[in-house]
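What follows is a short report on a single structure.
The values are calculated or read from the model by the stated rules, or taken from the named source; none is laboratory data. Remember, predicted model here, so these are calculated numbers, not experimental data. Neighbour counts run over all protein chains shown; Cβ positions are idealised from the backbone, glycine included.
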Amino acid sequence: MRLPTKAAVICVALPCLTLAGCARAATPSSAPSGVPSTATTAPAAAQDTPCARVVSALGFADLLLAPEGQERRQSFDDAVRGRLAYVEGVLLEYGSRLPPEVLPHEAELRRTTRGLAPAATPRGERIRLLKDYRTAAGAVRRACPST
């Protein structure tokens with residue numbers, strides 16, 4: 001069933017206009033009293049540093065990694081490899097902007113994630129890379145200033 005052109009435009013435009021109105025209604029001045037708005041809290045840019053991004057990505061991957069020392073028990077399914085690839089992507093985007101003392105560890109993380117993410121990497125190499133990854137990730141966490 002094909003809708004006439006005017007009816008199709010209305011069906012698409014009406015939800016868009018409704019959403020636009022909702023977005024305007026959710027301004028910081030409309031926040032209930034007692035709830036801090038973005039205008040009264042620290043700017044997001046001050047909290048969003050390359051170190052914060054990289055450490056956050058490491059934590060995201062850690063949620064699916066076996067505890068340290070149990071690398072041989074680690075499964076390398078799509079979800080794990082996807083999170084490690086995400087870490088690699090974050091490093092490619094933000095790694096060069098990390099503090100100079102973090103850069104050697106960032107390079108090691110990039111090397112290890114590049115080997116851990118592909119499905120074709122042999123299991124023995126993955127276990128070795130995961131151990132190296134953990135060492136570099138720990139060094140990055142220690143070297144990055146606390147946010």
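With respect to the stated conditions, V54 is in contact with a Cys (Cβ under 9 Å, 6 or more places away or on another chain), within 30 Å of R123 (Cα to Cα) and modelled with pLDDT of 95 or more. Mind telling me which of the residues V87, V9, V80 ends up being surrounded by 10 or more Cβ atoms within 10 Å (Cβ to Cβ), modelled with pLDDT under 95 and either farther than 30 Å from G124 by Cβ or not small (G, A, S) (or both)? None of the other options fit; the residue is V9. Which count do you get for residues in region 55-77 that are in contact with a Lys or Arg (Cβ under 7 Å, 6 or more places away or on another chain) and either of a type in the set (V, I, T) or surrounded by fewer than 12 Cβ atoms within 10 Å (Cβ to Cβ) (or both)? Final tally of qualifying residues: 1. Can you name every residue in region 53-78 that is more than 14 Å from the chain's Cα centre (by Cα) and assigned to a helix (DSSP H, G or I)? Across region 53-78, the qualifying residues are E71, R72, R73, D78. Scanning region 111-147 for residues that are of a type in the set (G, A, S) and assigned to a helix (DSSP H, G or I) yields G115, G124, A136, A137, G138, A139, A143. The residue pairs whose first member lies in region 85-99 and is within 16 Å of A61 (Cα to Cα) and of a type outside the set (V, I, T), whose second member is modelled with pLDDT of 95 or more and surrounded by fewer than 20 Cβ atoms within 10 Å (Cβ to Cβ), and whose beta carbons are closer than 6 Å, counting only pairs six or more residues apart or on different chains, are L91/R110.
For E108, the requirement of being without any contact (Cβ under 8 Å) to a residue 12 or more places away in the chain and outside any loop (DSSP other than H, G, I, E, B) is not met.
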